[in-house]
Amino acid sequence: MRIVAGAWAGRDLHSPRDARVRPTAEAVRARWLDWLHADVQGARVLDLFAGTGALGFEALSRGAATADFVETRPSSLHALRANIGVLRVKARTRVFVKDAIHFADALPEGRYGVAFADPPYESRQLDWLVRIWQARAFAPVLAVEHARGHALPVGGERRDMDESTAITVFRSARQP
């Protein structure tokens, strides 16, 4: 797995040897971040269910100011911290070892510029996260990866990325 574009294009990222970890495919990540290019510039980004941190690192590579990562799985945390070290971005990142849903539920409105989420496919955690965001937009933009067959709450713009993956972007009516 590698960073697709930006300042670190082509840089390899560590990934855990854990079958339960499903990093976002490079082609999907490329299209996703191309779509959100203007939103990411200079933004404080949040990577929920971070795994290896690929989404947050891709955003940093493309001009985000900072990235906060939320993850609980030990193998993913090991890879995430290794990637922070390899890219030398400790000063621009924070890692929270917390449940992503509880973390998001405690956030104040407008805390981040862009929030990414890639929870386990077919999990209802994504539905909970969207409802939390709809009640209190902790970022003007919430961008989520999900299985194509997963119907989300209304209000987002959805794009199918490949035969199994879709991205839906929710935007707050109160964007700056």
(request) Kindly list, by first and then second residue, each pair from a residue in region 64-80 that is farther than 14 Å from residue 23 by Cβ to a residue that is assigned to a helix (DSSP H, G or I) and of a type in the set (Phe, Trp, Tyr), limited to pairs with Cβ atoms under 8 Å and residues at least 6 apart or on different chains. (result) 67/57; 70/103
(message) For region 11-20: of the residues being in a loop (DSSP other than H, G, I, E, B) and open to solvent by 40 Å² or more (accessible area, probe 1.4 Å), which is modelled with the highest pLDDT?
(response) 11
(request) Taking the options 85, 113, name whichever one is within 25 Å of residue 1 (Cβ to Cβ) and out of contact with any strand residue (DSSP E or B) (no Cβ under 8 Å at 6 or more places or on another chain). (result) 85
(message) Among the residues of region 136-151, are any open to solvent by 20 Å² or more (accessible area, probe 1.4 Å), touching a Phe, Trp or Tyr at 6+ places or on another chain (Cβ under 7 Å) and closer than 17 Å to residue 118 by Cβ?
(response) no
(message) Looking at 111, 159, can you tell me which residue is in contact (Cβ under 8 Å) with a residue 12 or more places away in the chain and either under 16 Å from residue 48 (Cβ atoms) or hydrophobic (A, V, I, L, M, F, W, C) (or both)?
(response) 111
(request) Would you check if residue 80 is among the hydrophobic types (A, V, I, L, M, F, W, C), open to solvent by less than 10 Å² (accessible area, probe 1.4 Å) and in a helix (DSSP H, G or I)? (result) yes
(request) Hey, could you check region 160-176 for residues that are of a type outside the set (Val, Ile, Thr) and under 16 Å from the mean Cα position of the chain (by Cα) and say which is surrounded by the most Cβ atoms within 10 Å (Cβ to Cβ)? (result) 170
(request) Take residue 27 and decide whether it is modelled with pLDDT under 95, under 21 Å from residue 1 (Cα atoms), open to solvent by 40 Å² or more (accessible area, probe 1.4 Å) and not basic (Lys, Arg). (result) yes
(request) Determine, yes or no, whether residue 51 is within 14 Å of the chain's Cα centre (by Cα) and outside any helix (DSSP H, G or I). (result) yes
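The values are calculated or read from the model by the stated rules, or taken from the named source; none is laboratory data. None of the values given here were measured: they were computed from a predicted structure. Every residue, glycine as well, gets a Cβ built from its backbone with ideal geometry; the counts of neighbours run over all protein chains shown. Each accessible area value is taken on the protein alone, full model and side chains, heavy atoms only, with ligands, DNA and RNA left out. Shrake-Rupley method; radii C 1.70, N 1.55, O 1.52, S 1.80 Å.
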